[in-house]
Structures are given as structure tokens and as C-alpha cells.
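Report on the following structure.
The values are calculated or read from the model by the stated rules, or taken from the named source; none is laboratory data. Values in this document were obtained by computation on a predicted structure and should not be read as measured data. Ideal geometry is used to build each Cβ from the backbone, glycine not excepted, and the neighbour counts take in all protein chains shown.
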């Protein structure tokens, strides 16, 4: 198995009090060439990593996309898979996601069994991640495709107990997610509740559209901020730069 370079870097950043910024690219939205271009722009804007994946992913050439992105950047390229078909050998690491907020066995263990042999064969670094979908005001692709209900956004302790159970099960990261196109980000109170009970790094994504919101989330306890839909906006690159700068200079 590949050395834990990506996870070690996450832990080193957390230990140093540095917040990370990852940009999510969905191969359904961009060609491999455009994905590589955007990834390079994201790195230049200050992103610390590129996530690749999506809930639907009807694009057939995931590896072509990942390989193209990998050639364009020096920051880690990390798989963010919707299922076992989204394992690509060129990636530096894969978030080995378990949808612990739901009760669908396919996304708790089923897809993992299918994907594990490929991860081993390709020597990709797996990072076990408790994926927790949070109510965000709309029905997201993740909610619909997984057939699971999101965590109620007004019940932060429910999220906290799920995260604590995940840590006790040995998971290395918690990913609090509003979902693609979320109308509202994960509540600050929920992030804080999770932070109080777990020691592992917390990722937060969905509905983060400006530097002010990103800073709110890290003040609440998040260690890594993820944005995706900014890439579709005319001023997206400038907003990304402002988020990266704000996180890079953030002091708790």
C-alpha cells in the first residue's frame, strides 16, 4: 500500500494550526483538458489539493480526467468517489468514504468491498472518511442517489454522536457536507458540536461561496474547506483566491 503522504500532510497542517483549501472537480462538468486547466488555476490561486468525483458521474473516462489533472498540478489529486467505479490509478489518494449519516448498506460497506481490491492494486493511499450529509434546504444529488436522509441541521448533537462513533470505529477524517449546489452551508453550531467530541480533522463543504463563510467554518472548528460550484461562476477564480488567502492567513 502507498505511504500515507496525503494524510500525514493533513495531520501536519492540523498540528501547525494551518487550515487547508481543496477544490472539487466533477468529471461530468469538464473535459479532461478543461479540468487540467482549472486545476492549474486553482493551484495558482492557493488551493492545497484537488478532489475529483461526483454523485452521478456518467463520464466514462475517470482515469483520463484524473491523469490529465495530475499532470497539471503538483498539489495532491484526491479521489472523492460516489461509488467503486470511480477508482483511478493516477490519483495520489482516495477518500474512502462511508456515508455514516445514512443507513444504506451499499454506502456503508458494499461499495467499499468492490473498490478495495482496485485501491490495493493501484497502490492508492486510502484515507478512511466518515461522510456526513447535512440538510441544506434542497434535495441534493447525494441524497437522491444514496437513498438516505441527511442529518437535520437543527440537531447538532446527532451529528456529533455520528462523528464520535466514526472516530471510535477508526475513521481518520470527518466530512460534513451540504451537498453540491447546497443553498445553505453546514451550520456553525454543528461543526462546533462535532469539534468538541472528535480529535480527527474535519472537512466542510457545500454552500461555501465566499471567504467570510469559509472563515466562519474554520472558526467553528473545520480544518479543511472544500468548494466546487465556484468554478462555474464568472468571478469564481477571484473568489477562490480570496478564500485561499483568508485561510492561509487565518489564526485561531
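Scanning region 125-147 for residues that are more than 19 Å from residue 88 (Cα to Cα) and surrounded by fewer than 19 Cβ atoms within 10 Å (Cβ to Cβ) yields 137, 138, 139, 141, 144, 145, 147. The residues of region 159-192 that are in contact with a strand residue (DSSP E or B) (Cβ under 7 Å, 6 or more places away or on another chain) and closer than 22 Å to residue 208 by Cα, listed by number, are 159, 163, 173, 174, 175, 176, 177, 178, 179, 186, 190, 191. Within region 231-252, being touching a residue at least 24 places away in the same chain (Cβ under 8 Å), under 13 Å from residue 38 (Cβ atoms) and buried (at least 19 other Cβ atoms within 10 Å of the Cβ) holds for 231, 240.
Only a single criterion out of (1) over 19 Å from the mean Cα position of the chain (by Cα); (2) crowded, with 22+ Cβ neighbours inside 10 Å is not satisfied by residue 122, namely (2).
On the basis of being over 19 Å from residue 97 (Cβ atoms), in contact (Cβ under 8 Å) with a residue 12 or more places away in the chain and out of contact with any helix residue (DSSP H, G or I) (no Cβ under 8 Å at 6 or more places or on another chain), does residue 17 make the cut? Against the criterion (over 19 Å from residue 97 (Cβ atoms), in contact (Cβ under 8 Å) with a residue 12 or more places away in the chain and out of contact with any helix residue (DSSP H, G or I) (no Cβ under 8 Å at 6 or more places or on another chain)), residue 17 qualifies. Filtered by the rule that a residue be in a helix (DSSP H, G or I) and more than 17 Å from the chain's Cα centre (by Cα), region 142-155 gives 144, 145.
In a loop (DSSP other than H, G, I, E, B), crowded, with 21+ Cβ neighbours inside 10 Å and in contact with a helix residue (DSSP H, G or I) (Cβ under 9 Å, 6 or more places away or on another chain), is that true of residue 115? So residue 115 does not fit the description; no. Of the residues that make up region 119-132, is at least one farther than 25 Å from residue 49 by Cα, modelled with pLDDT of 95 or more and outside any helix (DSSP H, G or I)? No: zero hits. Each residue in region 163-186 was checked for being surrounded by 21 or more Cβ atoms within 10 Å (Cβ to Cβ) and more than 16 Å from the chain's Cα centre (by Cα), and 1 pass.
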